[in-house]
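The structure appears below as C-alpha cells.
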Amino acid sequence: MLNALWLGFFLTATVAALAQWLLAGNAQVFAAMVQALFAMAKLSVEVMVLLFGTLTLWLGFLRIAEEAGIVQALARWLAPLFAKLMPEIPRGHPALGLMTLNFAANGLGLDNAATPMGLKAIRALQELNPSSTTASNAQILFLVLNASSLTLLPVSIFMYRLQQGAADPTLVFLPILLATSASTLVGLVSVALVQRLPLLSPVVLAYLLPLALGLAAFMALLASLSAAALASLSGLLGNLSLFAVVLLFLLVGAWKKIAVYDSFIAGAKEGFAVARDLLPYLVAMLCAIGVLRASGALDYALDGVRYLVGLVGVDNRFVDALPTALVKPFSGSAARAMLIETMQSHGVDSFAALLAATIQGSTETTFYVLAVYFGAVGIQRARHAVACALLAELAGVLAAIGVCYWFFA
C-alpha cells in the first residue's frame, strides 16, 4: 500500500509538471521540483533533530512511570472496565498491563513509540484467541481504540509546531482533546453495538458517565468564552498538563525509591532508537510531497475540491488541511509530512496548519495499524475492525473541522 502511495505521488507530480510545461509554458517547474527534493531532505533532518529529543525525553519519563508502578496501578483501576468490555481476558493477564502501557503512550501522543507496546499487547491477546486467523472481540476493540487515537497530551504535535516557529506550540491542545474524544467515543460505541457489549451496565457507566458529564460541562464552559480566551486557555492547560505529568512521574518515582535518573536513561535509550528508525520514512515522504507541491498537482487537486465546496456555499478554508486527513489512514509518515508541508506553505499558525495539526493529533493510521498489528499475529479475517476503525477516523476528522472553526475561525 505504501509503495503504491509513494510511487503515485511521483507519477502524479510528473503528469502535473508535464501539463505545466506543455500547456502553460512553465519550463521552470522541473527546476522547482528538483529544488523541492533537496529542500525537503534538509527539512527532514531539521525535524528529526527535535524528534530525537522529544521521543527520548518522553520515553524516559514513561519508563519512570512504568517502574514506579503508575502504569500497573492504572491497569488495576481499569480492570473492572476491561472485565466488562473484554470478558474473555482473565483478571491479572499480562495483556491488560500491555494495553494500558500502549494507551498511555498514545495518550502522550508519542506516535511510533506506542507501536512496540501495542505489538506486545496484540501477541498477548492472541494467546487467548481460539482462532489463529480470525480476530477476537478483544483484539478488535483494542485495535479500534488504537485507531481512534485517544490523545490527551499530543507531545509530538507540540514538537512539530515548535520546530516550525509557533509562538505557543500548545495552542491546539483543547481542539485535539475534543476531537480525539469524539473519535474514541464513536469507535467504542460502534464496536459495542456490533459485539453487544454492556455499555449500560453499572460498572461501565461508573467509568464512562463521569467522563462524559465532565466533558459536557467542560464544553459548556468553553462555549461561554471568546475566541481569544479559548486560545489562551488552550495554551495554558496544555503547558500546565504537560509539566504536571512530568512532575507526577518524578515524585511518584522518588516516593517509590526508584532511581529516577537511571530509569530515565534506560527509557531514553529506547526513544533514541525509535526516533533514529523514523528518519528514512520522513525523508521519503517529505520529498515526495515536496515534489507534489512544486509540480502544482496538490494545488490543482485542492482547487478542485475548493470549487466543489464553494458550489454548496460552505466555507472552504478547511480544504487546505485535507491532504493530512486523506493520507492519515494509510501512512503516519505521509500525514506527518503533509502536516509539516502545510505549516511551511501556509504558516504555522494559519487556520489550515492549526486544523491539520488537530487532525494529525486526533486520528490514526487505521490501515497501517490494522496491517501491522494483525499481520504480527497472523490474523487474516478482521471481521468488523475495519468498518468501526474507519468510522472513528471519520468522526475524528469531522470533529476536528468543527472544533477548529469554533476555536480559530
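Scaling against 2.2 N^0.38 Å puts the C-alpha radius of gyration of the range 12-146 at 1.62. Shown in residue order for the range 20-36 are the 3J(HN,Hα) couplings computed by the Karplus curve 6.51 cos²θ - 1.76 cosθ + 1.60 at θ = phi - 60°: 5, 6, 7, 9, 9, x, 8, 7, 7, 5, 6, 5, 5, 5, 5, 4, 5 Hz (x for Gly and Pro). Taking all protein chains together and rolling a 1.4 Å probe, Glu270 ends up with roughly 90 Å² accessible.
For Ile379, the shell of other residues with beta-carbons less than 15 Å away shows a net charge of +2, using +1 for Lys and Arg and -1 for Asp and Glu. Each Lys and Arg contributes +1 and each Asp and Glu -1, all at the Cβ; summed about the Cα centre of the chain, the dipole is approximately 760 debye. On the chain, 70 percent of the accessible area sits on carbon and sulfur atoms, based on a 1.4 Å probe.
Shape class for the range 138-233, computed from the alpha carbon gyration tensor (a ≥ b ≥ c): oblate, with a/c not under 1.5 and a/b at or below b/c. Ranked by solvent-accessible area (1.4 Å probe, protein heavy atoms only, all chains present), the residues Arg76, Arg123 order from largest to smallest as Arg76, Arg123. Computed 3J(HN,Hα) for the range 12-19, one whole-Hz value per residue from the Karplus formula 6.51 cos²θ - 1.76 cosθ + 1.60 where θ = phi - 60°, is 5, 4, 5, 4, 5, 5, 4, 5, glycine and proline marked x. Per-peptide packing, taken as the mean over residues of other Cβ atoms within 10 Å, places 342-351, 255-264 in the sequence 342-351, 255-264 from highest down. Putting +1 on Lys and Arg Cβ atoms and -1 on Asp and Glu Cβ atoms, find which of Leu248, Leu237, Val191 reaches farthest to the positive end of the dipole of the chain. The residue sitting most towards the positive pole is Val191.
What translational D, rounded to a whole number of µm²/s, comes out for the chain from Stokes-Einstein when the hydrodynamic radius is the Kirkwood one over Cα pairs, at 10 °C and 1.306 mPa s? Rounded to a whole number, D works out at 72 µm²/s. With the convex hull drawn over the C-alpha atoms of the range 30-97, the volume per residue is 137 Å³. R0 = 35 Å: FRET efficiency of Val189 with Leu326, Cβ-based, nearest 0.05? Calculated value: 0.90.
Hey, what angle do you get for helix 137-147 against the long axis of the chain, alpha-carbon based, 0 to 90 degrees rounded to 10? Compared with the principal axis, the helix lies near 40 degrees.
FRET efficiency for the pair Ala206 and Val15, taken as 1/(1 + (r/R0)^6) with r the Cβ-Cβ distance and R0 = 60 Å, rounds to 0.55. Per residue, the convex hull spanned by the Cα atoms of the range 282-409 amounts to 115 cubic angstrom. Taking all protein chains into account, the per residue accessible area for the range 322-365 stands at 19 Å² (1.4 Å probe). Mean residue ellipticity, 222 nm, helices only, the chain: the sum of -39500 (n - 2.57) across DSSP H runs of n ≥ 4, divided by residue count and rounded to 500, is -26500 deg cm²/dmol.
Taking amide hydrogens as placed 1.01 Å from N in the peptide plane, the amide H of Ile379 sits under 5 Å from that of no residue at least 5 positions away in sequence or on another chain. Roughly what % of Cα-Cα distances in the range 349-409 sit above 17 Å, to the whole percent? When all Cα pairs of the range 349-409 are counted, 48 percent exceed 17 Å.
Surface analysis of the range 118-271 yields an accessible area of 46 Å² per residue, using protein heavy atoms and a 1.4 Å probe. Scaled against 2.2 N^0.38 Å for its residue count N, the alpha carbon radius of gyration of the range 28-69 is 1.99.
The values are calculated or read from the model by the stated rules, or taken from the named source; none is laboratory data. It should be emphasised that the depicted structure is a prediction, and the values quoted were computed from it without experimental measurement. Reconstructed Cβ throughout: ideal geometry from the backbone, glycine too, with neighbour counts over all protein chains shown. Ligands, DNA and RNA are excluded from the accessible area calculation, which covers all protein heavy atoms including side chains. Shrake-Rupley method; radii C 1.70, N 1.55, O 1.52, S 1.80 Å.
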